[in-house]
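The values are calculated or read from the model by the stated rules, or taken from the named source; none is laboratory data. Owing to the predicted nature of the structure, the values given are computational and were not obtained by experimental measurement. We place every Cβ from the backbone using ideal geometry, glycine too, and count neighbours over all the protein chains shown. Calculation scope for accessible area: heavy atoms of the full protein, side chains included, ligands and nucleic acids excluded. Shrake-Rupley method; radii C 1.70, N 1.55, O 1.52, S 1.80 Å.
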Amino acid sequence: MVTNEQLDTYEAFDGDVDAWARSGAGHGMTDADWRLIEELRQGLHLVSAGLASVEFAARLERRLSAVTHGEQVRARLKTLVAGRGAPQPADPKEAPRMTRAHTDVADKRRAFHRLHESGCFVIPNPWDVGSALYLQRLGFKALATTSSGFAWSRGRPDGASSREQVLAHLREIVAATDLPVNADFESGFATDPAGVAESVRLAIETGVAGVSIEDSTGDAAHPLRGLDESVARIRAARAAIDRSGGDTLLVGRAECFIVGHPDLDETIARLKAYANAGADCLYAPGIRTREQIAAVVAAVAPKPVNLLVGWASELTVRDVAELGVRRISVGGALARAAWAGLMNAARSIVEQGRFDGFASAAPGGELDAFFRGGTKAPGAG
């Protein structure tokens, strides 16, 4: 696993790249420069995670000399290399470390596919490394990112994160946990199918085990893309996955119910079209009733269905499983629950001058023990 220090170094690198792009220096960059930078981001991730040799890091540092205005980012990588010791001649024994990293990703993806073959599992949605580690320790078998939870943690509304910010977040979560991670990849961060394919390729390179693609537009006046366009985008995502080895699971999302268009027939028609276009798992966030859930499961069978339960539902995991759902996600609900704790405690101080909101706070000693590598999750019985 990646240490906090390694993650800090990696985040600093990403910060340098972002600042560089915003500065005048970034204006002189070519498309080839940007492609190389993205490749170098992936390489630095391997170095930070301890999955690549110092020699590999040194080669990355040398490659940066070919990038326009690359001095600042190059200096960051040189610092990381220096922190791990002076570059040494390539050691043949180091090679299996890189191979093992790829094997680990493949193992996660195989495990993720197996989870979708039978039964029903809950895939909770952490929004940062700490919440991901806690959920892993509780015994969940897979995790999914949450676009809303991540955005709020960075002071942004849902949907306002850039592709680069989300890719960095995916790398961080994947590196921190031993579990398969499904990427909430919103609408693919592109206006056309070719752009979706490129975005999905970059997401796959982060090591995620699954990628979800939505059919929403973000435009309140026209919240859903046309069916033909949406199908083309799913096909493009499928093609990108197949070109990358085919082992990343593709989730097709029909957003009808959560964008104010709760038409079950249209939702089912979209999900069936996405299944035919290559989606491995189907997802219609916002359906709630037993009848809606059963209808969706029957319509896309035998492909698995993801159900969102992000509210206080009368349905239990057992109830949902009996309806034929394969996996249950919670979206931004865990993040909202955490925000509720903060908001209530802070308001109590401001409005009443009282500190009662801390009565249910997690003990700091338990948290410290957990993040030092303790075997017991804070608050667990």
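Points worth noting:
- Counting only helices (runs of 4 or more DSSP H) wholly contained in region 137-234, the ones carrying 1 or more residues that are basic (Lys, Arg) and open to solvent by less than 30 Å² (accessible area, probe 1.4 Å) occupy 163-176.
- Selection from region 325-369 of residues that are more than 22 Å from residue 150 (Cα to Cα), within 29 Å of the chain's Cα centre (by Cα) and surrounded by 12 or more Cβ atoms within 10 Å (Cβ to Cβ): 325, 326, 366, 369
- In region 235-256, the residues that are among the hydrophobic types (A, V, I, L, M, F, W, C), under 16 Å from residue 187 (Cβ atoms) and open to solvent by 10 Å² or more (accessible area, probe 1.4 Å): 236
- Any chance residue 300 is farther than 19 Å from residue 180 by Cβ and more than 18 Å from the chain's Cα centre (by Cα): yes
- Neighbours by Cβ (under 8 Å, 6+ apart or cross-chain): first from region 347-363, closer than 20 Å to residue 377 by Cα; second surrounded by 12 or more Cβ atoms within 10 Å (Cβ to Cβ): 358/345; 360/341; 361/341; 361/345; 362/378; 362/379; 363/378
- Within the span defined as region 185-196, one or more residues are aromatic (Phe, Trp, Tyr) and more than 23 Å from residue 328 (Cα to Cα).
- The conditions of being over 19 Å from residue 208 (Cβ atoms) and among the hydrophobic types (A, V, I, L, M, F, W, C) are met by residue 254.
- Members of region 243-283 found to be in contact (Cβ under 8 Å) with a residue 60 or more places away in the chain and either over 25 Å from residue 143 (Cα atoms) or of a type in the set (D, E, K, R) (or both), listed by number: 247, 280
- Scan of region 282-296 for residues that are among the hydrophobic types (A, V, I, L, M, F, W, C) and buried (at least 19 other Cβ atoms within 10 Å of the Cβ), ordered by number: 282, 284, 287, 293, 296
- Subset of region 308-322 (residues that are touching a Cys at 6+ places or on another chain (Cβ under 9 Å) and buried (at least 19 other Cβ atoms within 10 Å of the Cβ)): 320
- Pairs, first within 28 Å of residue 335 (Cα to Cα) in region 284-311, second open to solvent by 30 Å² or more (accessible area, probe 1.4 Å) and assigned to a helix (DSSP H, G or I), C-beta under 6 Å, six or more apart: 285/258; 286/257; 286/258; 287/257; 292/264
- Unmet requirement for residue 358, which otherwise passes all of (1) farther than 29 Å from residue 280 by Cα; (2) in a loop (DSSP other than H, G, I, E, B); (3) touching a helix residue (DSSP H, G or I) at 6+ places or on another chain (Cβ under 7 Å): (2)
- Residue 378 fulfils the conditions (1) more than 25 Å from residue 129 (Cα to Cα); (2) out of contact with any Ser or Thr (no Cβ under 8 Å at 6 or more places or on another chain); (3) surrounded by 11 or more Cβ atoms within 10 Å (Cβ to Cβ) except for a single criterion, (1).
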